[in-house]
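**Student:** Let me give you the structure first, and then I'll get to my questions.
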Amino acid sequence: MLEPAPSSSHALSAAPAAARDLRLDFFRGLALIFIFVDHVPGNVFANFTFKNIGFSDAAEIFIFISGYAAALAFGRSFAAGFGAGTRRVAKRIGEIYVAHILLLVVCVGGIGVAARWLENPVYYEFINLVPFAYEPFEAIWRALALNHHLVYLNILPLYIALLAGFPLLVALMRRHPALALGASLALYAVARVTGFNLPSYPNDDGWFFNPFAWQLLFTIGAVIGHAAGRGHSLPRSRWLVAAAGAYALFALFVIAPWTRVPGLEDWRLLPGDLLAGMDKSALSPWRLVHILAMAYLAATFVKADAAWLRGRWARGAVVCGRKSLEIFTLGTVLCFVALFLLVEAGRDLWIQIAINAGGIGLMIAVATWLLRRKAQVNPGTTPAVAPAALSGVSYSARPPSPRS
């Protein structure tokens with residue numbers, strides 16, 4: 001059961017009434033940074049991201065928070081009328097689709113030119129550009145129809161699919177949250193058991209992120225966000241904290257990141273293949289439970305009014321999380337730039353340090369510039385961070401927008 005939010009709660013929904021819950025922006029921004037680092041091929045720094053401490057990774061963080069934020073952001077529109085809410089969701093889907101197509105054009109055009117100029121066909125094969133060379137017209141319309149996904153360009157189509165079903169999810173949540181969760185769980189079970197998925201090209205394996213499976217994580221986030229908008233928070237229980245902590249430790253012992261350190265390869269407490277069926281495409285239950293456990297621990301121990309969220313070291317993640325669509329797009333382009341640099345210049349440590357530092361620094365700089373530009377054009381809009389964290393920007397209360 002969800003319970004009324006106390007005046008000083010640790011739950012996700014317990015942000016002060018006069019301010020944004022910066023935890024959403026911080027963890028979403030952190031997920032975007034992790035996605036960039038994880039997607040740089042052979043990146044030594046990918047050994048230090050979220051995926052190394054358990055079963056889930058940044059994709060799960062991104063989708064869970066997207067569901068939560070969507071419920072908060074679109075809640076007022078649906079309160080004004082189901083048609084108004086649906087139109088706002090459709091507008092957001094259009095924005096994400098345009099961003100996806102622009103990203104596709106940049107990547108296909110840029111990588112195609114670079115592959116010819118550098119005379120290295122490995123680029124075509126690495127990101128699944130081969131169909132554009134042999135069946136260009138077929139590949140183009142398939143890509144426009146979200147039927148053909150390039151490497152790294154598959155999470156935005158997933159989010160579009162999830163938002164397309166959001167009005168139905170809202171209707172179910174209004175009747176009762178349990179109805180929404182039950183329907184979502186049933187669809188997840190069907191996808192897991194039968195492999196039910198959307199079609200893909202050029203193979204028939206289906207979407208890498210099966211939307212009929214991943215919708216369960218999005219739904220759980222949305223149900224919690226829906227309750228948060230009505231003044232409820234997650235129950236705080238020592239037993240739940242203990243269970244979540246125990247599961248997080250279990251996942252850490254199975255993943256055993258310390259075995260990557262030379263000399264510690266055999267220092268496993270549990271067999272590495274203990275959970276061999278932990279697939280990502282259909283959102284394995286092991287991954288699902290892990291991200292929910294980690295989210296509960298974060299909601300319990302990270303206070304909404306924590307001073308460090310407005311501090312300098314958290315600022316970069318917060319601004320990236322506030323402008324996540326733009327920063328995800330930029331980060332994806334930077335991944336391909338990093339690919340070129342690593343293949344052509346080598347994988348020396350100093351090159352990898354420069355790529356990671358430069359990429360993350362550029363993401364933060366662009367996000368900060370976008371927020372300041374928005375504040376100058378429309379001073380009444382809500383900034384990503386409080387004045388103490390970003391000077392020159394006004395601060396007012398408003399539910400966060402679904403920049404995912």
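The values are calculated or read from the model by the stated rules, or taken from the named source; none is laboratory data. Small disclaimer: the values here were computed from a predicted structure and weren't measured. Note: ideal-geometry Cβ built from the backbone for every residue, glycine included; neighbour counts use all protein chains shown.
**Student:** Output the qualifying pairs, or none if there are none: Cβ atoms under 6 angstrom, residues six or more apart or on different chains, first residue in segment 295-315 and hydroxyl-bearing (Ser, Thr, Tyr), second residue assigned to a helix (DSSP H, G or I).
**Tutor:** So the pair list comes out as Tyr296/Ala244; Thr300/Val241.
**Student:** Modelled with pLDDT of 95 or more, surrounded by fewer than 18 Cβ atoms within 10 Å (Cβ to Cβ) and more than 30 Å from Leu153 (Cβ to Cβ): does that describe Leu274?
**Tutor:** Taking the combined requirement at face value, the residue does not satisfy it.
**Student:** Can you tell me which condition Tyr201 does not meet? The list is (1) surrounded by fewer than 20 Cβ atoms within 10 Å (Cβ to Cβ); (2) farther than 30 Å from Ala222 by Cα; (3) more than 26 Å from the chain's Cα centre (by Cα), and all the others hold.
**Tutor:** Only one criterion in (1) surrounded by fewer than 20 Cβ atoms within 10 Å (Cβ to Cβ); (2) farther than 30 Å from Ala222 by Cα; (3) more than 26 Å from the chain's Cα centre (by Cα) is unmet by Tyr201, namely (3).
**Student:** Of the conditions (1) of a type outside the set (Phe, Trp, Tyr); (2) within 23 Å of the chain's Cα centre (by Cα); (3) not in a loop (DSSP other than H, G, I, E, B), Ile353 fails just one. Which one is it?
**Tutor:** Only one criterion in (1) of a type outside the set (Phe, Trp, Tyr); (2) within 23 Å of the chain's Cα centre (by Cα); (3) not in a loop (DSSP other than H, G, I, E, B) is unmet by Ile353, namely (2).
**Student:** Within segment 127-144, can you find the residues that are surrounded by 17 or more Cβ atoms within 10 Å (Cβ to Cβ) and assigned to a helix (DSSP H, G or I)?
**Tutor:** If the condition is that a residue be surrounded by 17 or more Cβ atoms within 10 Å (Cβ to Cβ) and assigned to a helix (DSSP H, G or I), then Pro131, Phe132, Ala139, Arg142, Ala143 are the ones that fit.
**Student:** Quick check: is even one residue across segment 54-61 of a type outside the set (Asp, Glu), out of contact with any Asp or Glu (no Cβ under 6 Å at 6 or more places or on another chain) and more than 23 Å from Tyr159 (Cα to Cα)?
**Tutor:** yes
**Student:** Identify, from the list Leu342, Leu330, Leu334, the residue that is crowded, with 17+ Cβ neighbours inside 10 Å and without any contact (Cβ under 8 Å) to a residue 40 or more places away in the chain. Break it down into steps so the answer makes sense when it comes.
**Tutor:** Values: Leu342 fails: without any contact (Cβ under 8 Å) to a residue 40 or more places away in the chain; Leu334 fails: without any contact (Cβ under 8 Å) to a residue 40 or more places away in the chain.
Unique residue meeting the criteria: Leu330.
**Student:** Considering (1) exposed (fewer than 13 other Cβ atoms within 10 Å of the Cβ); (2) under 23 Å from the mean Cα position of the chain (by Cα), say which one Asn378 fails and leave the rest.
**Tutor:** (2)
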